[in-house]
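The values are calculated or read from the model by the stated rules, or taken from the named source; none is laboratory data. Worth saying up front: this structure is predicted, and the values here are computed from it rather than measured. Please note: Cβ atoms are built from the backbone with ideal geometry, for glycine as well, and neighbour counts cover all protein chains shown. The area values use the complete protein model at the heavy-atom level, side chains included, leaving out ligands, DNA and RNA. Shrake-Rupley method; radii C 1.70, N 1.55, O 1.52, S 1.80 Å.
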Amino acid sequence: MSKKPVAARQTQPSLRHVAERANVSVMTVSNVINGRMARVGKEVAERVRAAIDELGYRPQRSGRSLRLQREFALGLTVMHPDRRFLDDPYITQVAAGMSNHLATIGYGLMVNGLQDREALATFVGRSTGYDGFAVMVSGGRDERVSTYRTLAQLNLPMLIVQDLPPEDLPAASSVRQDDRGGAAALTEDLLRRNVRRLLCVMPRQIWPGTEQRAAGIADATRARIAEGQLTVDYLTSHEEDFETSVEEIALRLSQGPTPDALMGGNDQLGLAAIQACTRCGFEVPRDIMVTGFNAFWFRKFSTPVLSSVASPAYEIGLEAARMLVGTINGEEPGGLHKLLPVHPAAGGSIRPIAEKRADLEDDRPQ
């Protein structure tokens with residue numbers, strides 16, 4: 001059997017081949033591949049990516065790791081007692097944003113779910129396999145701070161999603177959405193519709209975002225409560241079990257007094273509230289207005305469509321990945337904090353502002 005001539009053998013394209021095709025230096029190609037975009041112009045980066053596609057270049061990950069002492073992966077660590085934590089739409093949106101950005105620069109994403117302190121201790125005591133990580137932690141503030149301090153023992157760049165680090169962790173960064181401002185604006189919108197009694201349904205499992213939403217509601221209602229113009233009641237519910245949430249809200253409605261508006265701490269609880277209202281014989285929004293928070297896609301399956309606040313959860317994931325890689329590459333320091341805006345998401349579960357609820361006391365279920 002004859003051998004192929006040496007000249008005819010196919011060789012894998014290298015950084016040098018990409019650099020020659022794009023008419024740039026090898027270092028510029030390396031910067032683009034490793035996400036060091038602050039050092040590369042947009043037009044040059046596009047030219048390099050086009051050359052990579054044309055040549056079919058694929059970085060040798062093992063060689064990169066050995067040479068630069070990098071894993072070329074980030075982590076997403078979620079502290080949550082439910083093993084099905086990826087069912088949470090907020091967590092999956094953040095993870096998708098991180099993963100999709102990292103895929104464009106040759107990084108991977110490792111997702112870890114930790115249910116308790118024992119799992120946390122085991123996690124910190126072993127090798128992580130990544131260069132930096134984002135963390136999402138549920139529980140009260142003291143519990144969360146303790147978790148951040150424990151995770152800091154990994155001595156890796158750390159970014160906190162939806163919360164601020166304690167002052168003794170100045171190198172930790174954060175990305176949040178404006179939950180407090182969004183909840184305050186949504187509450188003020190309801191109050192303009194002659195609301196005299198408000199029922200707020202919050203998840204039983206505490207998250208920093210829902211804490212901020214409760215604070216925003218308090219900001220918007222404080223003056224009216226003090227003047228005796230408004231009553232605000234609170235109910236906590238298990239958001240992980242939809243039917244249980246419906247039953248708990250329905251029980252509260254059947255016991256009275258009937259609220260003019262019901263605010264869900266997230267979209268899941270808002271949708272449960274609409275079903276609970278229907279089950280108790282109330283029409284939404286004629287009898288009771290209902291809102292959610294985050295405006296994830298499934299809110300549109302309700303009748304009427306749930307009014308909500310649009311969350312930038314996916315963009316938070318993108319920003320978390322960018323910030324961590326920037327810190328790893330030495331392009332920006334740790335300890336940066338970004339707050340992304342939220343926006344109203346219109347639906348049919350709030351009455352138009354010109355409409356005031358008619359006196360339906362005689363027709364309402366008691």
Please work out whether the range 38-190 counts as rounded, prolate or oblate from its C-alpha gyration tensor, where a ≥ b ≥ c are the square roots of the eigenvalues and a/c under 1.5 means rounded, while otherwise a/b larger than b/c means prolate and anything else oblate? oblate
The answer for trypsin sites (Lys or Arg not before Pro) in the range 215-298 that fall in a DSSP coil and have at most 16 neighbouring Cβ atoms within 10 Å is ARG286
Nearest 10 degrees, 0 to 90: what angle lies between the long axis of helix 208-226 and the longest principal axis of the chain (Cα atoms)? 30
log10 I(q)/I(0), Debye, Cα-only the range 129-243, no solvent, q = 0.23 Å⁻¹? -1.22
Expressed as a whole-number percentage, the relative contact order of the chain with C-alpha contacts under 8 angstrom and at least six residues apart is 17
Take the chain, connect every pair of alpha-carbon atoms lying under 10 Å apart with a spring to form a Gaussian network, then pick out the residue of GLN205, GLN153, GLN93 with the largest mean-square fluctuation. GLN153
Could you work out how much longer the chain between ARG83 and SER25 gets when fully extended? Use 0.36 nm per residue separation minus the Cα distance between them, nm to one decimal. 16.1 nm
Place a +1 charge on the Cβ of each Lys and Arg in the chain and a -1 charge on the Cβ of each Asp and Glu, then give the dipole magnitude about the Cα centre in debye, rounded to the nearest 20. 1920
Note down the net charge around GLY347, summing +1 for each Lys or Arg and -1 for each Asp or Glu among other residues with Cβ under 9 Å from its Cβ. +2
Residue-normalised accessible area of the range 237-366, given per residue in Å² at a 1.4 Å probe: 44
State, as an integer percentage, the relative contact order of the range 125-200 based on alpha-carbon contacts under 8 Å between residues 6 or more apart. 23
Could you tell me the relative contact order of the range 148-297? Use alpha-carbon pairs under 8 Å, at least six residues apart, and round to a whole percent. 21
Check GLY132: other-chain or 5+ apart residues with amide H under 5 Å from its amide H, H built from backbone geometry? GLY75
Quick one: which residues, 5 or more positions from GLN162 or on another chain, have an amide H under 5 Å from its amide H? H modelled 1.01 Å from N in the peptide plane, none for Pro or chain starts. VAL175, ARG176, GLN177
To the nearest 500 deg cm²/dmol, what mean residue ellipticity at 222 nm is calculated for the chain from DSSP H runs of n ≥ 4 alone, each contributing -39,500 (n - 2.57), summed and divided by the residues? -12500 deg cm²/dmol
If one compares the long axis through the Cα atoms of helix 89-103 with the longest principal axis of the Cα atoms of the chain, the angle in degrees, nearest 10, works out at 20
Filtered GluC sites (Glu not before Pro), the range 154-231: DSSP coil and at most 12 other beta carbons within 10 Å: GLU167, GLU227
Residues other than GLN153 with Cβ under 15 Å of its Cβ, Lys/Arg counted +1 and Asp/Glu -1, net out at +2
In nanometres, what is the gap between the two model label sites at HIS238 and GLN153, each 7 Å from Cα along Cα-to-Cβ? 3.2
The chain - Rg and Dmax from Cα coordinates, angstrom: 25.5, 97
When the accessible area of the chain is split by element with a 1.4 Å probe, what percent falls to carbon and sulfur? 51
For the chain, the charge dipole (Cβ of Lys, Arg +1; Cβ of Asp, Glu -1; about the Cα centre) points to a positive end, and the Cα of VAL48, GLY132, PRO285 closest to that extreme belongs to VAL48
If I model a spin label at ASP53 and PHE301 as a point 7 Å from the Cα along the Cα→Cβ vector, what separation in nanometres do I get? 3.5
Picking from SER245, ALA19, GLN205, whose Cα lies most toward the positive end of the charge dipole for the chain (charges on Cβ: Lys, Arg +1; Asp, Glu -1)? ALA19
Can you tell me the alpha carbon radius of gyration of the range 76-159 divided by the globular rule-of-thumb value 2.2 N^0.38 Å? 1.07
Dividing the surface of the Cα convex hull of the range 111-152 by four yields a projected area in nm² of 3.0
